[in-house]
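Working notes for the structure below.
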Amino acid sequence: MEKPNAATDLDIYFVGCASMLNGLSSASDIVEREAQHVGLTLDGELNGKRASNFLDLDDVSGHTAREEFNLLVLPFQSAFGNVVAARRTILKAVITHPDKQQVWDEMAFYHAQSLSLHHGSWSPAFSDVILQRYYPEKVAKFELPATPEEALTALFTK
Amino acid sequence: MPEKQTDVLRFPAIDPSDLANIPELTPERKAFLEGSYLERSYLVAPEAQDALTASFSKLISSVPGFECVVNVEVPQTEVYY
């Protein structure tokens with residue numbers, strides 16, 4: 001009999017301005033306390049504390065130069081807060097980059113990767129179905145727009 | 001100082017017809033996969049969402065420069081059978 005068993009691990013990233021860098025640890029501690037109240041445990045690594053996991057909206061060009069596309073795409077995933085503004089900041093920076101399409105394509109790659117996570121543990125046969133049939137449909141439905149300009153237009157039409 | 005905007009951007013729920021051409025799906029598995037789309041719209045499991053949402057809202061308002069919390073892995077979708 002198939003029986004669900006939800007996991008209790010919570011992975012988070014923080015997004016903000018440079019002034020938040022000094023507050024990462026305390027912010028993470030607050031989230032950790034609240035998470036414990038609802039039966040969740042913050043991940044030991046992806047808990048928002050590390051500066052290397054922080055998307056600094058004041059340093060988008062630096063993230064781009066360091067090829068941290070996994071961080072740049074964070075606001076385009078499941079996010080809470082001033083998400084539209086964060087997306088706009090990222091998109092405007094990408095659009096002015098000389099290799100904007102290459103940057104955007106790299107971000108889209110990481111976004112698609114995020115969609116492959118956590119389908120659960122299945123039999124090998126059904127895992128293959130997930131990989132071959134379900135995942136492509138999921139990516140097709142939720143992938144980023146083809147260009148950063150399209151993404152910016154979509155942001156303004158929401 | 002203007003109040004910060006708080007949006008929760010969510011992946012839309014899947015149209016069940018999107019899964020119609022995967023014949024290998026049993027009703028239980030189909031329900032799970034539909035659910036995994038729905039649950040991607042949550043930062044955490046639905047029952048924990050309200051509590052954490054309130055916490056994030058206060059946190060974002062109180063920490064200078066804090067804009068968003070991003071959760072790329074959604075616990076509720078990590079289901080083992």
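Each of A:31, A:21, A:47 was scored by the projection of its Cα onto the charge dipole of region A:8-58, and the greatest displacement toward the positive side belongs to A:21; charges sit on the C-beta of Lys, Arg, Asp and Glu. Each Lys and Arg adds +1 at its Cβ and each Asp and Glu adds -1 at its Cβ; summed about the Cα centre, region A:4-59 shows a dipole of about 120 debye.
Over the whole of A:24-37, what's the average partner chain Cβ count within 10 Å per residue? Rounded to a whole number, please.
Going residue by residue through A:24-37 and averaging, the value is 3.
Distant-in-sequence amide contacts of residue A:40, defined by a placed amide H-H separation under 5 Å and a gap of 5 or more residues or a different chain, comprise nothing.
Set the Förster radius R0 to 41 Å, insert the Cβ-Cβ distance between residue A:99 and residue B:54 as r into 1/(1 + (r/R0)^6), and round the FRET efficiency to 0.05.
Step by step, r from the Cβ atoms, then E = 0.50.
Phi angles of region A:59-66 translate, via the Karplus equation with coefficients 6.51, -1.76, 1.60 and θ = phi - 60°, into HN-Hα couplings of 9, 4, 5, x, 4, 5, 4, 7 Hz per residue; Gly and Pro are given as x.
Once the Cβ-Cβ distance between residue A:154 and residue B:61 is put in as r, and R0 is 22 Å, what FRET efficiency do you end up with, to the nearest 0.05?
Computed FRET efficiency for residue A:154 and residue B:61: 0.20.
Sort A:95, A:130 by heavy-atom solvent-accessible area, probe 1.4 angstrom, most to least.
Final ranking, largest accessible area leading: A:95, A:130.
Extending 7 Å from Cα along the Cβ direction at residue A:127 and again at residue A:147 yields two label points whose distance is 4.1 nm. Under the rule a/c < 1.5 gives rounded, and otherwise a/b versus b/c splits prolate from oblate, where does chain A land using the Cα gyration tensor? It comes out oblate by the Cα gyration axes.
The values are calculated or read from the model by the stated rules, or taken from the named source; none is laboratory data. In this text the structure is predicted, and so the values were computed from the model without any measurement. A quick note on method: Cβ atoms are made from the backbone with ideal geometry, for glycine too, and the neighbour counts reach across all protein chains shown. Just the protein is used for accessible areas: all its heavy atoms, side chains included, with ligands, DNA and RNA removed. Shrake-Rupley method; radii C 1.70, N 1.55, O 1.52, S 1.80 Å.
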